[in-house]
Amino acid sequence: MKLGNYVEGSWKEGLGSFAPLFDASTGDVIAEASTEGIDFGSMLGYARTVGSPALRKLTFHERARMLKALALHLNSKKEEFYKISFKSGATKVDSWIDIEGGFGNLFTYSSIGRRQMPNTPHFVDGQYVPLSKEGSFGGHHIYVPKEGVAIHINAFNFPVWGMLEKIAVNLLAGVPAVVKPASITSYLTEAVVREIIASKILPEGALQLICGSARGILDHVTSQDVVTFTGSAVTGKMLKSHKNIVDLAVPFNMEADSLNCSILGIDAVPGTEEFKIFIKEVSKEMTVKAGQKCTAIRRIIVPEGMIGEVHTALQERFKKLTIGNPSTDDVRMGPLAGKTQQKEVLERIEELSKCCDILIDGRENLNLVSGDMDKGSFLGPTLLMCPSPMTSTIPHETEAFGPVSTIMGYKSTSEAIELSKKGQGSLVGSIVTSDDDIATQMVLGMASHHGRVLVLNKDSAKESTGHGSPMPQLCHGGPGRAGGGEEMGGMRGVFHYMQRTAIQGHPTTLSKITGVYQPGAAQPEDTVHPFRKYFEELKIGDTLISKTRDITREVIDQFADLSGDHFYAHKADSDFEGTLFDSQVAHGYFIISAAAGLFVDPPKGPVLANYGIDELRFIKPVYVGSSIKVHLTVKEKIQQEPREDEVPRGIVKFQVDVRDEENESVALATILTLVANKPS
Ligand code: NAP
């Protein structure tokens, strides 16, 4: 089967020089890939001129709905993906992580887009910054989508997740993608992309695919593009130093190999729940995907006196491990992805064995339940032990990208931290301890050298997502050797594909541009009360100025009795000497309640409910004899997704500015209301 490249709106086969791709268990040729004759420059141009404008005009909510539709569509086709995935050596569990884990990313980013981001194509970042004495000039920040293309150069180990975890983010940002999976497992990525394209859920130009070599693609990047790379440090460094990346300041996010560790706390002695958790996690990370995970545990850091027990416990678990062709039942660990990978891993074991003892040798006595030992790329779990980890460098630098890990002993918690940092930057480190003091010391000690730190104990282990799973809500990446990159992390990842721009001007102009009322902007008054207006009829800045209300001793006392809040400041007979107050002061909560009494228009109408208050501040004490009024201003509007059983509506945020008789603000708040859409 010749793989297709999805190029400028159609599927194209390469012209020649097809590279054979093999079944990892049987060695049979299952596909061929070629990119000969494919014009990468033209592909990138197509993404910029066709995909980019189509995506940029959509709002975050529209893009997010697209991601959800894509996840649901792909989920309905998942069985065919599993069948193909087995050929890469992935077991059912491995494939689940890759395939359904990838869909999970689409779902999560869809939810982030709809719940945490506005229904506009751009994003308003942070708060208004006043820059003048009189209030007529200030600044703000906005994010807009970059007008280029995201070029994703991916590793072979997660052909589905590797693509989806990345495109979920750039698509939500409004940026198209060109995906280049590692050739060796690109047949699975191709099958998924065929379904994505056939579904017509994405606008044309939003996604293109290269199956086979992409050498030369970076010759065509421009300053609006973003390149992400996942793979070996050697390739990553070579690509990162490409002239265009350097000269045009093209963002280049690199996720490279890292020597992740897991540390057993000194308290987690054999027999404790934590010891069992540690053994389970280490053996899982060594065998899932046959250890071909960027996050796999390569260094097992344990108290010196427990090396023997850890070795024995791991050996017991590996005895039960069935290895073979994943398409047959009962196989718990498959082969490596191919012969090249197998050869590389064997070379790395040789390298490691220069300073380590081999405790369990996965090259020997492999009890295969299925698959072909010669033609397939099998290797059993291989455990080494480094007797001098503080002085040896090889186990901290040599990544065997397979089921291979090295035990090393430590004498003290601070030595364990030092060992963890000898990896010179890792994607993830985990600590298994029931002692939160040890956990705190280790996390704070290790964090500078790790992108993620997981703490496991008997209370968290059951529901833990595990050492090996990057979560879309959290950052994935790591410093130094791990590539210095960062991706996902909820909204943070989206901003990697957007330009943050500081904007300056009059608050009224900034209100118009951002769609959010800025302090000091015009506040036009209308004779129609805002509670009588439907969502569409409310305009940013529209303001109601209420009547006034006198604050008397009686109402303060009544509020104290009603609420039960008899704090000294609210009592007339308190001694105010040495306090912040001169005399009896009204409760802040009373002022805000009284404000509601002033601005609310009672009859039923478009305002369906008030569901909360944000940013509540009591600015100035309100004493007996003051009088207050409210400036109620439409601050922000967010259209909600229509749901079948609900009145179509949006969220309207009103700024409540309570002022005293001197027209000075005494309290500020943002109230959140649900306002019905105008009936059609
Ligand atoms: P690799 O050999 O470095 O290849 C990575 C990607 O780069 C592949 O798609 C490859 O394409 C492409 N590539 C190579 N040379 C290129 C060039 N001149 N121009 C454009 N693209 C080029 O890595 P791998 O063997 O696929 O992956 C294994 C390594 O990745 C391991 O070391 C592992 O630790 C690391 N990894 C890291 C992470 C992470 O998140 N940090 C995740 C997964 C894997 P071809 O396949 O066509 O050569």
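The values are calculated or read from the model by the stated rules, or taken from the named source; none is laboratory data. On a predicted model such as this, the values are computed, not experimentally measured, just so you know. Quick reminder, even Gly has a Cβ in these numbers, built from the backbone with ideal geometry, and neighbours come from all protein chains shown. In case anyone asks, the SASA skips ligands and DNA or RNA and just uses the protein heavy atoms, side chains included. Shrake-Rupley method; radii C 1.70, N 1.55, O 1.52, S 1.80 Å.
What to note about this one:
- Members of segment 445-471 that are part of a strand (DSSP E or B) and either of a type in the set (D, E, K, R) or open to solvent by less than 20 Å² (accessible area, probe 1.4 Å) (or both): His450, Arg452, Leu456
- Residue count, segment 471-485 (criterion: more than 11 Å from the ligand (Cβ to nearest atom) and out of contact with any helix residue (DSSP H, G or I) (no Cβ under 6 Å at 6 or more places or on another chain)): 6
- For segment 610-621, a residue qualifies if it is touching an Asp or Glu at 6+ places or on another chain (Cβ under 9 Å) and buried (at least 18 other Cβ atoms within 10 Å of the Cβ), and exactly one does: Pro621.
- Residues in segment 232-281 that are polar (S, T, N, Q) and open to solvent by 10 Å² or more (accessible area, probe 1.4 Å): Ser232, Thr235, Ser241, Asn244, Asn253, Thr272.
- Scanning segment 402-420 for residues that are of a type in the set (Ser, Thr, Tyr) and open to solvent by less than 10 Å² (accessible area, probe 1.4 Å) yields Ser405, Thr406, Tyr410, Ser420.
- Given (1) assigned to a helix (DSSP H, G or I); (2) aromatic (Phe, Trp, Tyr); (3) buried (at least 20 other Cβ atoms within 10 Å of the Cβ), index of the condition Tyr82 fails: (3)
- Residue among Ile210, Ile217, Ile197 that alone is over 20 Å from the mean Cα position of the chain (by Cα) and either away from the ligand (no atom under 12 Å from the Cβ) or open to solvent by 10 Å² or more (accessible area, probe 1.4 Å) (or both): Ile197
- Restricting the first member to segment 231-247 and to residues that are closer than 14 Å to Ile217 by Cα, and the second to residues that are within 7 Å of the ligand (Cβ to nearest atom) and part of a helix (DSSP H, G or I), the beta-carbon pairs closer than 8 Å and six or more apart or on different chains are Leu239/Leu218; His242/Leu218; Asn244/Leu218; Ile245/Leu218; Ile245/Leu239.
- Segment 295-318, subset in contact (Cβ under 8 Å) with a residue 24 or more places away in the chain and polar (S, T, N, Q), residue farthest from the ligand (Cβ to nearest atom): Gln315
- For segment 423-444, the tally of residues that are open to solvent by 20 Å² or more (accessible area, probe 1.4 Å) and under 22 Å from Asp257 (Cα atoms) stands at 2.
- Exactly one residue among Val600, Val607, Val624 is modelled with pLDDT of 95 or more, open to solvent by 50 Å² or more (accessible area, probe 1.4 Å) and touching a Phe, Trp or Tyr at 6+ places or on another chain (Cβ under 8 Å), and that residue is Val600.
- Residue in segment 149-158 that is in contact with a Phe, Trp or Tyr (Cβ under 8 Å, 6 or more places away or on another chain), outside any helix (DSSP H, G or I), of a type in the set (A, V, I, L, M) and closer than 19 Å to Val226 by Cα present: yes
- Selection count where residues are part of a strand (DSSP E or B), of a type in the set (A, V, I, L, M, F, W, C) and within 13 Å of the ligand (Cβ to nearest atom), scope segment 251-294: 2
- Hits in segment 346-401 - residues which are open to solvent by 70 Å² or more (accessible area, probe 1.4 Å) and either among the hydrophobic types (A, V, I, L, M, F, W, C) or not in a loop (DSSP other than H, G, I, E, B) (or both): Glu347, Arg348, Glu350, Asp357, Val369, Met373, Met390, Glu397
- If you go through segment 178-204 and pick out every residue that is touching a residue at least 60 places away in the same chain (Cβ under 8 Å) and touching a His at 6+ places or on another chain (Cβ under 6 Å), you end up with 1.
- Check on Thr340, surrounded by fewer than 23 Cβ atoms within 10 Å (Cβ to Cβ) and within 16 Å of the ligand (Cβ to nearest atom): yes
- Residues considered: Ile142, Ile153. Of these, the only one that is within 16 Å of the ligand (Cβ to nearest atom) and β-branched (Val, Ile, Thr) is Ile153.
- Being part of a helix (DSSP H, G or I), in the same structural domain as Asn154 (by TED's automatic domain parsing) and of a type in the set (Gly, Ala, Ser) is a property that Gly27 lacks.
- Taken across segment 168-181, residues that are at positive phi, away from the ligand (no atom under 14 Å from the Cβ) and open to solvent by less than 10 Å² (accessible area, probe 1.4 Å) do occur, with at least one present.
- In segment 205-214, the residues that are closer than 17 Å to Thr230 by Cβ and either of a type in the set (S, T, N, Q) or free of Cβ contacts under 8 Å to residues at least 12 places away in the same chain (or both): Ser213
- Set side by side, the residues Ser420, Ser430, Ser434 differ, and just one is at pLDDT 95 or above, closer than 25 Å to Ser283 by Cβ and in a loop (DSSP other than H, G, I, E, B), which is Ser434.
- Flag if Leu321 is surrounded by 13 or more Cβ atoms within 10 Å (Cβ to Cβ), touching a His at 6+ places or on another chain (Cβ under 6 Å) and not in a helix (DSSP H, G or I): no
Residue by residue, here is whether (1) at pLDDT 95 or above; (2) within 16 Å of the ligand (Cβ to nearest atom); (3) closer than 22 Å to Glu195 by Cα holds:
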position: Glu8; (1), (2), (3): yes, no, yes
position: Gly14; (1), (2), (3): no, yes, yes
position: Phe22; (1), (2), (3): no, yes, no
position: Thr26; (1), (2), (3): no, no, no
position: Ser52; (1), (2), (3): yes, no, yes
position: Phe60; (1), (2), (3): yes, no, no
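- Among the residues making up segment 402-423, those that are under 12 Å from Ala447 (Cα atoms) and out of contact with any strand residue (DSSP E or B) (no Cβ under 7 Å at 6 or more places or on another chain) are Ile417, Glu418, Lys421.
- Residues of segment 222-242 that are away from the ligand (no atom under 11 Å from the Cβ), farther than 22 Å from His476 by Cα and of a type outside the set (Ser, Thr, Tyr): Gln224 alone.
- Some residue of segment 30-42 being more than 16 Å from the ligand (Cβ to nearest atom) and assigned to a helix (DSSP H, G or I): yes
- Answer residue from segment 510-547, given it is among the hydroxyl-bearing types (Ser, Thr, Tyr) and surrounded by 15 or more Cβ atoms within 10 Å (Cβ to Cβ) and is nearest to the chain's Cα centre (by Cα) among those: Thr514
- Test result for Thr312, over 22 Å from Phe158 (Cβ atoms), open to solvent by 10 Å² or more (accessible area, probe 1.4 Å) and not in a helix (DSSP H, G or I): no
- Among the residues here, Asp28 does not qualify as over 29 Å from Ala90 (Cα atoms) and of a type in the set (Asp, Glu).
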